[in-house]
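> Pasting in a structure now, in structure tokens, and then I'll have a few things to ask.
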Amino acid sequence: MKLIAITRPDFFEGEAEAINLLLANGLELLHLRKPHAKIGEIEALLQQIPAVYHDRISLHDGHELATAYGIGGIHLNARHPMAPCGFGGRISRSCHSLEEVRRYKDTCDYVFLSPIFDSISKAGYASAFSPDDLRAADKLIDSRVIALGGIDADKIDTVRDWGFGGVAVLGSVWSPSGAGFLDNFRRLMRQTEGKPRVVLSIAGSDSSGGAGIQADIKTLTSLGVYAASVVTALTAQNTCGVSSIHPIPADQVAAQLRAVLTDLRADAIKIGMVHDESIVRVLAQELQGMDCPIVYDPVMISTSGHRLMEPATVEAVCARLLPCCTLLTPNLHEAGLLTGRPVGDMTEMEEAARRLSARFGLSILVKGGHLEGDTMCDLLYNKKGNITRYPAPKVDSRNLHGTGCTLSSAIAAFLALGNPVEEAVRRAKNYVHQAIVEARPLHIGHGQGPLWHFF
């Protein structure tokens, strides 16, 4: 089922941030409805929403803005009964009777039928249909009819049973505030989709819980997606260091992968520690042809410059695994290893990213956390050759264990939620920054402590 959110008719402080939060967390369609607004007010709101999301917006008012802003849809109603000449995007319409659904459904991509239940946002706006009316209309109500009016998470199964193709929500989205706002939306999304988005983490186990599979699961869970896992290595480590590494046999890695992927549909995959050449071969074989984003954090060289992967394994990664991936996230040392050139400043980062993207046909995020100075900057080079820089002030903290794992798994989460790679990286970096800030005052272990993933 589709989940469509409709904006409140009024403007309110923080509205653009709230809309962006919903879109970043997987909202498929947003209907921007401002019946009493001036065109300039609607335009000002659109300008605060990243252009990458404009295709997911439908305008109820200010239809003339659609072409200029690349808006994906227009909604027709009594105020605006006709679409602008030449508009080629989605067309939807409000219907208030089953007869109107019969009249308009075949001329639109979808129609709203309302009110199905007593309205949450409009006092006194009572349901116009009985359950028997809706059950009797089973040949009319189909995937192009969206239920609107009084719908919250507890009513979605009932709406699904009546045959609707989705739900449009207003009051049940905007009523909660604070921390409950996003939790409430995630519940609505789970109920309509029937499952959460799934991210598979393929990585080593960190017995101290700060990095590897453990950090990935914490990150993915806190970002509202379901975490599945394949363990590639067992490490004995704590906040002071790693004392031993035991690679999991390749056939057992393959067995884990098959068990997960034959049962769960992964919306994104994150790969971390791959310590053994035979495991690389297994991953390349099992992941070839996957139709979801694959993010690879190449744990080849530590941020301190310590070599963590044998040359033969690096060669296997380059020959077999990287062609399967969507995004590679090397640190400065790893970018240097893969290009055969030192990487220590922004110019060298850009050149390394360009070379790696051309060689392997994927997007590259070179992490600049150890650049000299008080500012760090990551650099994204996408498959089209576009460059995005992500500057940020460095945070002085002893608790940075698992930063790379957290970043790559957060990127995978936001890709699974439907974000383009540039926005997924931006959102993930914001999450990691806050996780570092939250961890600063904590004392977990006697060495380099972990991030704090829950806030």
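> Please give the number of the condition residue 384 fails out of (1) under 30 Å from residue 277 (Cα atoms); (2) free of Cβ contacts under 8 Å to residues at least 12 places away in the same chain.
(1)
> Please go through region 139-173 and pick out each residue that is among the aromatic types (Phe, Trp, Tyr) and under 14 Å from residue 111 (Cβ atoms).
164
> For region 40-69, how many residues meet the condition of being exposed (fewer than 13 other Cβ atoms within 10 Å of the Cβ) and either among the hydrophobic types (A, V, I, L, M, F, W, C) or under 21 Å from the mean Cα position of the chain (by Cα) (or both)?
3
> Residues being buried (at least 16 other Cβ atoms within 10 Å of the Cβ), part of a strand (DSSP E or B) and modelled with pLDDT of 95 or more: count how many of those fall in region 359-387.
Of all residues in region 359-387, those buried (at least 16 other Cβ atoms within 10 Å of the Cβ) come to 360, 362-369, 371, 376-382.
Those left that are additionally part of a strand (DSSP E or B): 363-367, 376-381.
Now drop any that are not modelled with pLDDT of 95 or more, which leaves 363-367, 377-381.
Selection size over region 359-387: 10.
> Give me the pairs: first residue in region 85-113 and assigned by TED's automatic domain parsing to the domain that holds residue 30 and closer than 13 Å to residue 144 by Cα, second residue of a type in the set (D, E, K, R) and part of a helix (DSSP H, G or I), beta-carbon distance under 7 Å, and six or more apart or on different chains, which are they?
Listed by first residue and then by second, the contacts come to 111/105.
> Here is a follow-up. Condition test on residue 202, is it free of Cβ contacts under 8 Å to residues at least 24 places away in the same chain and not small (Gly, Ala, Ser)?
No.
> Is it the case that some residue within region 326-337 is within 15 Å of residue 408 (Cβ to Cβ), small (Gly, Ala, Ser) and without any contact (Cβ under 8 Å) to a residue 40 or more places away in the chain? I'd like the intermediate steps shown before the answer.
Keep residues of region 326-337 that are within 15 Å of residue 408 (Cβ to Cβ), which gives 326-331, 334-335.
Cutting the leftovers down to small (Gly, Ala, Ser) gives us 335.
After this cut, where a residue has to be without any contact (Cβ under 8 Å) to a residue 40 or more places away in the chain as well, the list is 335.
There is at least one residue in region 326-337 that is within 15 Å of residue 408 (Cβ to Cβ), small (Gly, Ala, Ser) and without any contact (Cβ under 8 Å) to a residue 40 or more places away in the chain.
> Right, here's the next one. Restricting to region 287-307, and then to whatever is surrounded by fewer than 19 Cβ atoms within 10 Å (Cβ to Cβ) and touching a residue at least 24 places away in the same chain (Cβ under 8 Å), can you tell me which residue is nearest to residue 242 (Cα to Cα)?
302
> Moving to a separate point now. Select, from 276, 251, 263, 216, the only residue that is at pLDDT 95 or above, charged (D, E, K, R), in the same structural domain as residue 408 (by TED's automatic domain parsing) and more than 30 Å from residue 189 (Cα to Cα). Working first, answer last.
On the way: 276 fails: at pLDDT 95 or above; 263 fails: more than 30 Å from residue 189 (Cα to Cα); 216 fails: more than 30 Å from residue 189 (Cα to Cα).
251 is the lone residue from the list that is at pLDDT 95 or above, charged (D, E, K, R), in the same structural domain as residue 408 (by TED's automatic domain parsing) and more than 30 Å from residue 189 (Cα to Cα).
> Output the qualifying pairs, or none if there are none: Cβ atoms under 8 angstrom, residues six or more apart or on different chains, first residue in region 170-186 and without any contact (Cβ under 8 Å) to a residue 40 or more places away in the chain, second residue part of a helix (DSSP H, G or I).
176/183; 176/184; 184/153; 184/172; 184/173
> How many of the residues making up region 64-99 are within 16 Å of residue 7 (Cα to Cα) and modelled with pLDDT under 95?
1
> Turning to a different aspect of this structure: Being under 26 Å from the mean Cα position of the chain (by Cα) and under 30 Å from residue 10 (Cα atoms) narrows it down to one of 171, 210, 204, so name that one. Spell out the reasoning first.
Numbers: 210 fails: under 30 Å from residue 10 (Cα atoms); 204 fails: under 30 Å from residue 10 (Cα atoms).
Answer to the check: 171.
> Among (1) on the phi > 0 side of the Ramachandran plot; (2) surrounded by fewer than 16 Cβ atoms within 10 Å (Cβ to Cβ), where does residue 139 come up short?
Going through (1) on the phi > 0 side of the Ramachandran plot; (2) surrounded by fewer than 16 Cβ atoms within 10 Å (Cβ to Cβ) one by one, residue 139 breaks only (1).
> Sticking with this structure for a sec: Which of the residues belonging to region 244-253 are surrounded by 16 or more Cβ atoms within 10 Å (Cβ to Cβ) and in a loop (DSSP other than H, G, I, E, B)?
Across region 244-253, the qualifying residue is only 248.
> Take region 215-237 and flag every residue that is surrounded by fewer than 22 Cβ atoms within 10 Å (Cβ to Cβ), of a type outside the set (A, V, I, L, M) and either without any contact (Cβ under 8 Å) to a residue 24 or more places away in the chain or closer than 29 Å to residue 2 by Cβ (or both).
Within region 215-237, 221, 222, 224, 226 qualify.
> Additional query: Just name the residue that is nearest to the chain's Cα centre (by Cα) out of those in region 254-281 that are crowded, with 24+ Cβ neighbours inside 10 Å and among the aliphatic types (A, V, I, L, M).
Among those residues, the one meeting the criterion is 268.
> Among 136, 153, which is the only one that is among the aliphatic types (A, V, I, L, M), free of Cβ contacts under 8 Å to residues at least 24 places away in the same chain and out of contact with any Pro (no Cβ under 6 Å at 6 or more places or on another chain)?
Working: 153 fails: free of Cβ contacts under 8 Å to residues at least 24 places away in the same chain.
None of the others qualify; the one that does is 136.
> So residue 201 fits all but one of (1) under 29 Å from residue 110 (Cβ atoms); (2) in contact with a Leu (Cβ under 9 Å, 6 or more places away or on another chain); what number is the exception?
Every listed condition holds for residue 201 apart from (1).
> Here's a follow-up. Going by what's in this entry, would residue 180 be described as within 21 Å of the chain's Cα centre (by Cα) and surrounded by fewer than 18 Cβ atoms within 10 Å (Cβ to Cβ)? Talk me through it step by step, then tell me what you get.
On the way: within 21 Å of the chain's Cα centre (by Cα): yes; surrounded by fewer than 18 Cβ atoms within 10 Å (Cβ to Cβ): yes.
Criteria met by residue 180.
> Out of the residues in region 308-342 meeting the condition of being surrounded by fewer than 14 Cβ atoms within 10 Å (Cβ to Cβ) and of a type in the set (Asp, Glu), tell me which one is nearest to residue 197 (Cα to Cα).
In this case the residue turns out to be 315.
> Taking residue 177 as meeting all but one of (1) modelled with pLDDT under 95; (2) assigned to a strand (DSSP E or B); (3) small (Gly, Ala, Ser), write down the number of the exception.
(2)
> Looking at 160, 103, which is the one that is surrounded by fewer than 17 Cβ atoms within 10 Å (Cβ to Cβ) and of a type in the set (Lys, Arg)? Talk me through it step by step, then tell me what you get.
Numbers: 160 fails: surrounded by fewer than 17 Cβ atoms within 10 Å (Cβ to Cβ).
Going through 160, 103 in turn, the sole match is 103.
> Now for a different question. Quickly run through region 146-159 and pick out the residues that are assigned to a helix (DSSP H, G or I) and either at pLDDT below 95 or more than 22 Å from residue 97 (Cβ to Cβ) (or both). Can you show your working first?
The first filter runs over region 146-159 and keeps only residues assigned to a helix (DSSP H, G or I), leaving 153-159.
Across region 146-159, the qualifying residues are 153, 154, 156, 157.
The values are calculated or read from the model by the stated rules, or taken from the named source; none is laboratory data. On a predicted model such as this, the values are computed, not experimentally measured, just so you know. All Cβ positions, glycine included, derive from the backbone under ideal geometry; neighbour counts span all protein chains shown.
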